[in-house]
1. Ranked from the most accessible area to the least, with a 1.4 Å probe and all protein chains present, what is the order of Glu118, Glu19?
2. Using only the heavy atoms of the protein chains and a 1.4 Å probe, how would Phe111, Phe94 rank by accessible area, largest first?
3. For Ser24 and Glu92 in one chain, what is 0.36 nm times their gap in residues minus the Cα-Cα distance, to one decimal in nm?
4. Compute the semi-axes of the equivalent ellipsoid of segment 60-150, taking the square root of 5 times each eigenvalue of the Cα gyration tensor, and list them largest first in whole Å.
5. Using a 1.4 Å probe and counting only protein heavy atoms, arrange Phe46, Phe54 so the residue with the most accessible area comes first.
6. Near the amide H of Tyr123, under 5 Å away, which other amide H atoms are found, from residues 5 or more places off or on another chain, if H is placed in the peptide plane?
7. If I model a spin label at Ala74 and Lys137 as a point 7 Å from the Cα along the Cα→Cβ vector, what separation in nanometres do I get?
8. Report the gain in length on full extension from Gln44 to Trp146: 0.36 nm times residue separation, minus Cα-Cα distance, nm rounded to one decimal.
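The values are calculated or read from the model by the stated rules, or taken from the named source; none is laboratory data. Only a predicted model underlies this, so the values are computations on that prediction, with no experimental measurement involved. Virtual Cβ from ideal backbone geometry, glycine too; neighbours counted across all protein chains shown. What goes into the accessible areas is simple: the full protein's heavy atoms, side chains included, and nothing from ligands, DNA or RNA. Shrake-Rupley method; radii C 1.70, N 1.55, O 1.52, S 1.80 Å.
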Amino acid sequence: MKRFGFFLGTGRGRPSDWEKLPSSKSLFCSPPGCGLPIGNLTSQLFSNVYMDLFDKYMVSLAGEGRYGRYVDDAYVVGGNKAILRRVIPLAEAFLHQYLGLSLSRNKISIFSAYRGVEFLGAYLKPFRRYVGNRCLKRKEGKLALWASLLIIGHTKYGSGGYAAFCVLP
């Protein structure tokens, strides 16, 4: 266990340090053949390193600016459905052959870009994007919480100007 302390930047580590880590965030508790849980910063970094070859392959297939990926979510933009249908088995074969991964067939959709697509909390349409409804609702909830916790006021400052202040009750 001591060797892992080096990676944490401490240079020394104690096994008890690892006991504080939730089991859902630890590779030590992952079943055999499973990797890091999605959501960890390290899983995001490792996915970029591991999937780099696939990203380059997809850009060569789809073209610059027509492919995007974040961890395990990806999109491809094409001129018509036939082109996109040809990309799917090519991507699937590449993932299987070179990276030992597979696509979730039930999560693949092909539709008109003008309809828009929700991707990473945003609703994407040609030449514009909007914040997704789920993100808006979460933001509204957090703002309401902060509004209930803050007492906001103003005080005279310097030569007649005002400064805002807030106090947590």
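1. Descending order: Glu19, Glu118.
2. Phe111, Phe94
3. Residue separation times 0.36 nm, minus the Cα-Cα distance, leaves 21.6 nm.
4. Those come to 33, 17, 10 Å.
5. Phe46, Phe54
6. Tyr130, Val131, Gly132
7. The modelled label-to-label distance comes out at 3.0 nm.
8. Length difference between fully extended and current span is 33.8 nm.
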